[in-house]
Amino acid sequence: MEDKITFLGTGGGRVVVSNQIRSTGGFMINLAGHQIHVDPGPGALVKAREFNIDTSRTGIFFVSHAHLDHVNDINAVIDALTLGGVHKKGILISVPSVIEGTDADIPWLRKFHRSVLDECFSIRVGDSVKIGELSFTATPTKHDEPMNVGFKLESSKLSIGYTSDTTYSGELWRTFKGVKILIINTLRPGKDRWKTHMCTEDVIRLIDKVHPELAIIHHFGAKMVRANPLYEARKIQTRTGIRTIAAADGLVVSLKGL
Ligand SMILES: [Zn+2]
Ligand SMILES: [Zn+2]
């Protein structure tokens, strides 16, 4: 399998979930022989089919938090991988609110689908999980889901950071400093700040400090889609000097040469 990232969906937030002007199926990382499905929100299986991704090759699911646009299709993708539980396999890395539930709500992961996985890791900020030559470390966020985490994924060749949903903070750039590729959830354009997410201006500050080789903006709300993420990515690239891509549904980013 070629090392690459494929975006099944690039939408986020309540409005885009409801109108699906961008899909919300998450993204797939192929790295060092592993296929990793990150944040399988609504549309994950439909878009995998549309973009010719073989979901039976997924070995690892990473679900950052218990918001519907990130977790809704987790049982469906486990079902697809295991053929309805016939073949026990797959690894889930996620947070307690998804796996065990909270005082206020039941877990997103059904007991049956948990039982057909090979392994299930419940993580909090700072925890690391090693799978073969891959290492996932849960990174901090500031969001309206207290258990939410991003990740730093490291292989012998590459490091990929994923912010998940968060506002900007000093802790954020210190955590990701030195990663080669940074995937940044950018809900809103320009200086349009929101209390739980980053806008383009926050992303410029973040990239300036982290200095990745490649930045990918992702998880666009309705205002961002209207503003056109391509223009926002261009703005970020001009201001920071860092190569910046606006993710699009179906976009494949090759990791060769990085
Ligand atoms: Zn979200
Ligand atoms: Zn969220």
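The values are calculated or read from the model by the stated rules, or taken from the named source; none is laboratory data. Because the structure is predicted, anything quoted here is derived from the model rather than measured. As a convention, Cβ positions derive from the backbone with ideal geometry for all residues, glycine included, and neighbour counts pool all protein chains shown. Keep in mind that these areas ignore ligands, DNA and RNA; they rest on the heavy atoms of the full protein, side chains included. Shrake-Rupley method; radii C 1.70, N 1.55, O 1.52, S 1.80 Å.
Results for (1) outside any helix (DSSP H, G or I); (2) open to solvent by 80 Å² or more (accessible area, probe 1.4 Å); (3) away from ligand 2 (no atom under 16 Å from the Cβ), shown as yes or no for each residue.
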position	(1), (2), (3)
Asp202	no, no, no
Arg226	no, yes, yes
Leu230	no, yes, yes
Ile236	no, no, yes
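Listed residues Ser122, Ser135, Ser94, Ser56; which is crowded, with 22+ Cβ neighbours inside 10 Å, within 23 Å of Leu31 (Cα to Cα) and of a type in the set (S, T, N, Q)?
Ser94
Residues that are in contact with a strand residue (DSSP E or B) (Cβ under 9 Å, 6 or more places away or on another chain), within 16 Å of ligand 1 (Cβ to nearest atom) and under 24 Å from Ala248 (Cβ atoms): does the range 144-153 have at least one?
Within the range 144-153 (the criterion being in contact with a strand residue (DSSP E or B) (Cβ under 9 Å, 6 or more places away or on another chain), within 16 Å of ligand 1 (Cβ to nearest atom) and under 24 Å from Ala248 (Cβ atoms)), the answer is yes, since at least one residue qualifies.
Contact list please: Cβ distance under 7 Å, first residue in the range 184-208 and more than 17 Å from Ile242 (Cα to Cα) and free of Cβ contacts under 8 Å to residues at least 40 places away in the same chain, second residue in a strand (DSSP E or B) and open to solvent by 50 Å² or more (accessible area, probe 1.4 Å), pairs at least six apart or on different chains.
Arg188/Trp194
Residue check, His67 against (1) within 16 Å of ligand 2 (Cβ to nearest atom); (2) farther than 19 Å from Asp144 by Cα, all met but one. Which one?
(2)
Being of a type in the set (D, E, K, R) and in contact (Cβ under 8 Å) with a residue 60 or more places away in the chain is the filter; apply it to the range 107-162 and report the residue that is nearest to ligand 2 (Cβ to nearest atom).
In this case the residue turns out to be Glu145.
Among the residues of the range 123-136, are any within 16 Å of ligand 1 (Cβ to nearest atom) and within 15 Å of the chain's Cα centre (by Cα)?
Within the range 123-136 (the criterion being within 16 Å of ligand 1 (Cβ to nearest atom) and within 15 Å of the chain's Cα centre (by Cα)), the answer is no, since none of the residues qualifies.
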